[in-house]
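All remarks here apply to the structure that follows.
All of the numbers you see were taken from the coordinates with simple rules; none came from a lab. Note that the structure is predicted; figures quoted are calculated from it, not measured. Note that each Cβ is placed from the backbone with ideal geometry, even for glycine, and that neighbours are counted across all protein chains shown.
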Amino acid sequence: MRLEFYTVDAKYCDYLRKFDSCVPYVTDKKKNRPFLGVVFSLNNFLYYAPLSSPKEKHLRMKNQIDFIKIKGGALGAINLNNMIPVFKPYLTAVDVESVSDLKYKNLLNNQLTWCNISLNKKNILKKTARLYHLIVENTASPALIKRTCNFSILEKESLAYFNLNGE
């Protein structure tokens, strides 16, 4: 399975945010650009984990169970603490080759290449599973629980949303 970039429906995220304030916003109103994420399978759900663009602070931060620096932070980060369950109708695959901003296109290509290096992909999937179980089993530290989405509630509410919208 190759990791790919996706955007997720803003209305779906707005709905989930009613139940968990850790659910990410998926548009950046300042730049009119959607946030991208990687999608993987976990506990019979698809999960979307948002990426952050490179920031100076990423270079100083440490990798953690819920935060993965991409190429040491030089290419941004994956925010596993903000991953959410999602269904295919609410995902849109990103065609990186159609991005017109060359600098942004190169960043996306570099991020995607890094994510799909075997060892990196294995680490991403391992950390997502570990974080998921720590949160669902309520064995994580209080600080980690506070900054991480409540996966159990979001799975329940994502099913409700999916069923309400007749998908």
How would you rank H133, H58, going from fewest to most other Cβ atoms within 10 Å of each one's own Cβ? H133, H58
Mean Cα-pair separation over length for the chain, i.e. relative contact order, pairs under 8 Å, 6 or more apart, %: 26
Given just the C-alpha atoms of segment 76-143, how large is their convex hull per residue in cubic angstrom? 125
For the pair A143 and R17, the simple spin-label estimate (label points 7 Å beyond Cα toward Cβ) gives in nm 2.7
Quick one: which of K11/K62; K11/K146; K55/K88; K71/K126; K55/K121 span more than 28 angstrom between C-alpha atoms? K11/K62; K55/K88
In whole percent, the Cα-Cα distances of the chain spread across 5 Å bins from 0 upward as 1, 8, 18, 22, 22, 16, 9, 3, 1, 0
Using only Cα atoms, locate the centre of segment 120-167 and the centre of segment 29-106, then give the distance between them in Å, rounded to an integer. 16
Quick one: which residues, 5 or more positions from L42 or on another chain, have an amide H under 5 Å from its amide H? H modelled 1.01 Å from N in the peptide plane, none for Pro or chain starts. Y47
HN-Hα couplings for segment 20-25 via Karplus (6.51, -1.76, 1.60; θ = phi - 60°), in whole Hz with x for Gly/Pro, come out as 7, 5, 7, 5, x, 6
If amide H atoms are built 1.01 Å from N in the plane of the peptide, which residues on other chains or at least 5 residues away come under 5 Å of the amide H of G76? K55, I70
Could you give me the ³J(HN,Hα) list for segment 87-98, computed from phi with Karplus coefficients 6.51, -1.76, 1.60 and θ = phi - 60°, whole Hz, x at Gly and Pro? 9, 3, x, 9, 10, 10, 5, 9, 8, 4, 5, 8
